[in-house]
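Bear in mind these aren't lab numbers, they're just calculated from the coordinates by the rules spelled out. Quantities reported herein were computed from a predicted structural model and do not represent experimental measurements. Backbone-built Cβ (ideal geometry, glycine too); neighbour counts: all protein chains shown.
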Amino acid sequence: MSTLAVYPGSFDPLTNGHVDIISRGARLFDRIVVAMLVNAEKAPLFTAHERVDIARAVFKDQPNVEVDTFDGLLVDYVQRRKAQVIVRGLRAISDFEFEFQMALMNRRLNDKIETIFMMPAEQYTYISSRLIKEVFSLGGRVHGLVPELVETRLREKVMARNP
Ligand code: PNS
């Protein structure tokens, strides 16, 4: 039986921590779907379309990585895709409580779907999309923390906002 995993998130923007988890997942599972939540925030920095474009470009050479969007309940999407596993990254103990709640709620909603936690490489354990946006918008360097394409897109966003 081939295993399909779903790695859900907002990915606003994709960080090297996400890329690390996706690459590990792609080695472990037959196929991994990076599933971007549409309407996660009222005003995400990147539209769902932009986030999908970025992830597809970053993983263009990895044929078992697919990029998709979803809305509504995650477990419904996972079931629709006939996937067996939800992948989530755990960076630190501080992530644990919320992730534990989500995993158990998702299990209550559908106990055929298993959540698997993966740890990113230690150099990415402090990165979050929220921090990347904050640091970049205040003029800080995010080089090496996000894919180069994300850096370029961040620069374009800032230029578009403050021409
Ligand atoms: O990148 P994030 O913001 O940590 O991802 C959170 C996400 C998208 C995984 C979570 O908010 C989610 O699954 N939302 C879909 C709605 C849902 O199923 N909610 C109940 C989760 S227990």
Sort 94-100, 12-18 by packing, meaning the average of other beta carbons within 10 Å per residue, with the highest value first. 12-18, 94-100
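For the range 4-97, what does the relative contact order come out to in percent, with C-alpha contacts under 8 Å and a separation of six or more? Present the calculation step by step, with values, prior to reporting the outcome.
Numbers: 124 pairs, mean separation 35.9, N = 94.
It rounds to 38 percent for the range 4-97.
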At each listed q (0.22, 0.24, 0.29, 0.30 Å⁻¹), what is the log10 of I(q)/I(0) that the Debye formula gives for the range 24-84 modelled as equal alpha-carbon point scatterers? -0.97, -1.08, -1.22, -1.24
Fluctuation leader among ALA35, ALA103, ALA92 - the chain, Gaussian network, Cα springs under 10 angstrom: ALA92
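Note the direction-averaged projected area, equal to a quarter of the hull surface, for the Cα convex hull of the range 51-129, in nm².
Values: hull surface 24.9 nm².
With the hull built on Cα positions only, its mean projection is 6.2 nm².
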How many lysine pairs in the chain, separated by 8 or more positions in sequence or lying on different chains, have Cα atoms less than 30 Å apart? 9
Between the range 23-63 and the range 99-157, the Cα center-to-center distance that results, in Å: 11
Given Cβ point charges of +1 (Lys, Arg) and -1 (Asp, Glu) and nothing else, what value in debye, to the nearest 20, does the dipole of the range 113-160 about its Cα centre take? 260
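Return GLU122, GLU134 ranked ascending by Cβ neighbour count within 10 Å, so the fewest neighbours appear first.
Starting with the residue having the fewest Cβ neighbours, the order is GLU122, GLU134.
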Return P(r) of the chain (all Cα-Cα pairs; 5 Å bins starting at 0; whole %; ordered from short to long distances). 1, 8, 18, 21, 22, 15, 8, 4, 1, 0, 0
